[in-house]
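Colleague: Dumping the structure here so I can ask a few things about it.
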Amino acid sequence: MDVLAKVRQVIDRHGLLAGGKTVVVGVSGGPDSLCLLHVLNRLREGYGTELHVAHLDHRIRGAESKEDAAFVARLAKEWGLPATVETHDVPRLARESKLAIEEAARQARYSFLAQVAQAVGAKRIAVGHNADDQTETIVMHWLRGAGLAGLRGMSPLTDLGGMRLKAAWPAHPPLHLQLIRPLLETPRAEIEAYCQEHGLTPRFDHSNLDTTYYRNRLRHELIPYLESYNPNIREVVRRSAQVIGDDYGFLQAELERVWPVVVSSESREAITFDLENWRALPTSQQRSTLREAVHRLRRSLRNINWIHIENALPALRARPAGTQVTLPQGLMLSIGYRDFTVADEGYVPEVDWPLLLAESLPVAVPGVTELPDSGWCLEAALIEQEELGKAHLDNPDPWQAFLDHESTGSELVLRQRCSGDRFQPLGLGGHEKSLHTFMIDHQIPRPLRDFVPIVASSRHIVWVAGWRIDERAKITATTKRILHLAFRSS
């Protein structure tokens, strides 16, 4: 099968040019992109497609890269195709973003192509990845320890929004742009033969011979070595990738099915899982749900290290509430009593009760004390015993307390917990307990413990708001004046 027929077959099988309209073609000037542009130019009338050539000078190879840009601009003009040719300082981008030069070039290139597509109203971007590129990509991913997502290789049709660009794109690339690879089943040798047959004279990028680049070492050293064991290794790798891709598609469908079962809440800042339901999943889905959580919270992250997920699995299966596990890019997995959360380190969950974000506030007695940045306040009132009657004996609201004013006094503070805090929880007959142990016993989530409002006098804790008053502050038969404290939302 010749190249034209092979490309047409790939286009039709995957609907790469469905709907016609403008397609941006990334053209470096090398044989792959030159062949791609020539083939698409021959096919465009049949698919009702217009082409727009795009070339980015990475400023890596000096005068040679400038000549490449001039070559592409001249070629587009000769073929009567509109073109956008720009330059980007990729070495500078690599330094500023602390990326390898190859990754910086990749990000700059795809971001540029996306910007051109937006400017010309194109929905699809064609690039010249070929069958040998596919083999190299799969082997590279395997050597780096990729899972099924990496071992399936490149797809003929990919949403650009999933490319995880961060260094060269100000936000996220538009989700409606799609990357197409019409040459993905065409080997490099056939592409070069096509160029020769049609009198195409591609530019030669000498950096492709530089084996200090990781991919070039694979291309020129490792894969030829593997061919000494199996001359068909390239095709074998690609066939395996097709099988893996089908398996991955099935597992992704299963992930979508179980996600709402195990995820109890999800936002841009945090994802919370039901611990019991998650533990009931098979190991494969436990891994995939954790990886998906990291991906959703860190969409620019290309690779999730194997060790992060593997460290999380045994912790989630057996470690107690309060355990935390480090995940990539500042994420933290925090295990609770009935759930666990993946979020930024230091994340404070949203709750429908007051959190004290300030270290300490004087309490207005009587009066109103505003809790900063919370929408809550603490109201304090003094009531004579005869006025209250027995209302304090039946108090269903954990966020209000009736206290003996003589015991508490009026010089009170509202503060966060302190190291070594102890108090005498009501009902323990005056026995002391550390506040830390009390919070664990009452299953207060670890991320919230530092923000539970504590009402204290100069002598001792008066009230662990929402949970328990101190034995010494309780109302007795001798109480004359009662301090009524109540948290109100504004």
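A short reminder: the numbers here are calculations on the coordinates, not readings from a lab. Everything quoted here is computed from the prediction, not taken from an experiment. As a convention, Cβ positions derive from the backbone with ideal geometry for all residues, glycine included, and neighbour counts pool all protein chains shown.
Colleague: Place a label point 7 angstrom from the Cα of residue 225 along the Cα-to-Cβ direction, then list the residues of segment 117-140 whose backbone nitrogen is under 16 Å away.
Modeller: Residues 136, 139-140 qualify, since their backbone N sits under 16 Å from the label point.
Colleague: So if we plug the beta-carbon distance of residue 353 and residue 89 into 1/(1 + (r/R0)^6) with R0 = 60 Å, what FRET efficiency do we get, rounded to 0.05?
Modeller: So the FRET efficiency works out to roughly 0.70.
Colleague: Helix 306-318 sits at what angle to the longest principal axis of the chain, using alpha carbons and giving 0 to 90 degrees rounded to 10?
Modeller: That helix lies at roughly 30 degrees to the long axis.
Colleague: For residue 489 and residue 434 in the same chain, what is the full-extension length gain: residue separation times 0.36 nm, less their Cα-Cα distance, in nm?
Modeller: Length difference between fully extended and current span is 16.9 nm.
Colleague: Check residue 50: other-chain or 5+ apart residues with amide H under 5 Å from its amide H, H built from backbone geometry?
Modeller: Residues meeting the criterion, in which the H sits 1.01 Å from N, are 21, 22, 23.
Colleague: State, as an integer percentage, the relative contact order of segment 1-138 based on alpha-carbon contacts under 8 Å between residues 6 or more apart.
Modeller: Here the relative contact order equals 29 percent.
Colleague: Please compute the contact order of the chain in relative form: average sequence separation of alpha-carbon pairs under 8 Å and at least six residues apart, divided by the residue count, as a percent.
Modeller: 11
Colleague: Could you give me the ³J(HN,Hα) list for segment 467-476, computed from phi with Karplus coefficients 6.51, -1.76, 1.60 and θ = phi - 60°, whole Hz, x at Gly and Pro?
Modeller: Calculated HN-Hα couplings, in order: 10, 7, 8, 7, 3, 6, 9, 6, 6, 10 Hz.
Colleague: Now a separate question. Quick query: amide H of residue 475 versus all other amide H atoms, modeled in the peptide plane; which residues come in under 5 Å with a sequence gap of 5 or more or a different chain?
Modeller: 404
Colleague: By how many degrees, 0 to 90 and rounded to 10, does the Cα axis of helix 188-197 deviate from the longest principal axis of the chain?
Modeller: With rounding to tens, the tilt is 40 degrees.
Colleague: Using label points projected 7 Å from each Cα along Cα→Cβ, tell me how many nm separate residue 329 and residue 344, to one decimal.
Modeller: 1.3
Colleague: Now for a different question. What ranking do 340-346, 359-365 get when scored by the average of other Cβ atoms within 10 Å per residue, highest first?
Modeller: With the highest mean Cβ count within 10 Å placed first, the list reads 340-346, 359-365.
Colleague: Determine the dipole magnitude for the chain: charges of +1 sit on the beta-carbon of Lys and Arg, -1 on that of Asp and Glu, nothing else is charged, the reference point is the Cα centre, and the result goes in debye to the nearest 20.
Modeller: 860
Colleague: Based on Cβ point charges of +1 for Lys and Arg and -1 for Asp and Glu, what charge dipole magnitude is obtained for segment 360-489 about its Cα centre, in debye rounded to the nearest 20?
Modeller: 380
Colleague: At a Förster distance of 22 Å, what's the computed FRET efficiency of residue 442 paired with residue 310, Cβ-Cβ distance as r, to 0.05?
Modeller: Plugging the Cβ-Cβ distance into 1/(1 + (r/R0)^6) gives 0.10.
Colleague: Just flag the chymotrypsin sites (Phe, Trp or Tyr not before Pro) in segment 56-125 sitting in loop per DSSP whose Cβ has no more than 16 other Cβ atoms within 10 Å.
Modeller: Listed in order of number, the matching sites are 79.
Colleague: Would you kindly state how much longer the chain becomes between residue 406 and residue 198 on full extension, computed as 0.36 nm times their sequence separation minus their alpha carbon distance, in nm to one decimal?
Modeller: 64.9 nm
Colleague: Pop the C-beta distance of residue 217 and residue 21 into the FRET formula with R0 = 41 Å and round what comes out to the nearest 0.05.
Modeller: The calculated FRET efficiency here is 0.55.
Colleague: Sticking with this one: In whole Hz, with x marking every Gly and Pro, tabulate ³J(HN,Hα) for segment 35-45 from phi via Karplus 6.51 cos²θ - 1.76 cosθ + 1.60, θ = phi - 60°.
Modeller: Listing the rounded values in order: 4, 4, 5, 5, 5, 5, 5, 6, 9, 4, 5 Hz.
Colleague: Among 82-93, 312-323, 122-133, what's the highest-first ranking by average C-beta atoms within 10 angstrom per residue?
Modeller: 122-133, 82-93, 312-323
Colleague: Something else now. Could you tell me what percent of the DSSP beta bridges with both partners in the chain are antiparallel, to the nearest 5?
Modeller: 75
Colleague: Any idea which of 343, 262, 305 is furthest toward the positive side of the dipole for segment 251-344, if Lys and Arg beta-carbons carry +1 and Asp and Glu beta-carbons -1?
Modeller: About the Cα centre, the residue reaching furthest to the positive side is 305.
Colleague: Follow-up. Run the paramagnetic zone check for residue 384: 7 angstrom along Cα to Cβ, then residues of segment 459-490 with backbone nitrogen under 20 Å.
Modeller: Within reach of a label on residue 384, which here means backbone N under 20 Å from a point 7 Å along Cα→Cβ, segment 459-490 contributes 475-485.
Colleague: Quick one: net charge of residue 8's neighbours, Cβ under 15 Å, K/R +1, D/E -1?
Modeller: 0
Colleague: Once amide H atoms are built 1.01 Å from N in the peptide plane, which residues 5 or more positions from residue 87, or in another chain, come under 5 Å H to H?
Modeller: Close amide H contacts, sequence-distant or interchain: 57.
Colleague: Another question about this same structure. What does the charge count near residue 25 come to, summing +1 for each Lys or Arg and -1 for each Asp or Glu among other residues with Cβ under 12 Å from its Cβ?
Modeller: +1
Colleague: I want to check the label-to-label distance for residue 318 and residue 397. Put each point 7 Å from Cα in the C-beta direction and report it in nm to one decimal.
Modeller: My value for the distance between the label points is 4.7 nm.
Colleague: Continuing with the same structure: Residue by residue through segment 366-376, what is 3J(HN,Hα) from phi via Karplus (6.51 cos²θ - 1.76 cosθ + 1.60, θ = phi - 60°)? Round to whole Hz and write x for glycine and proline.
Modeller: Karplus-based 3J(HN,Hα) across segment 366-376 equals x, x, 10, 10, 7, 8, x, 6, 10, x, 10 Hz.
Colleague: On a C-alpha basis, how far is the centre of segment 134-163 from the centre of segment 57-79 in Å? Whole number, if you could?
Modeller: 29
Colleague: Turning to a different aspect of this structure: What angle, in degrees between 0 and 90 and rounded to the nearest 10, separates the Cα long axis of helix 233-262 from the longest principal axis of the Cα atoms of the chain?
Modeller: 30
Colleague: What is the spin-label model distance, in nm, from residue 480 to residue 77 if the labels are put 7 Å beyond Cα along the C-beta direction?
Modeller: 10.1
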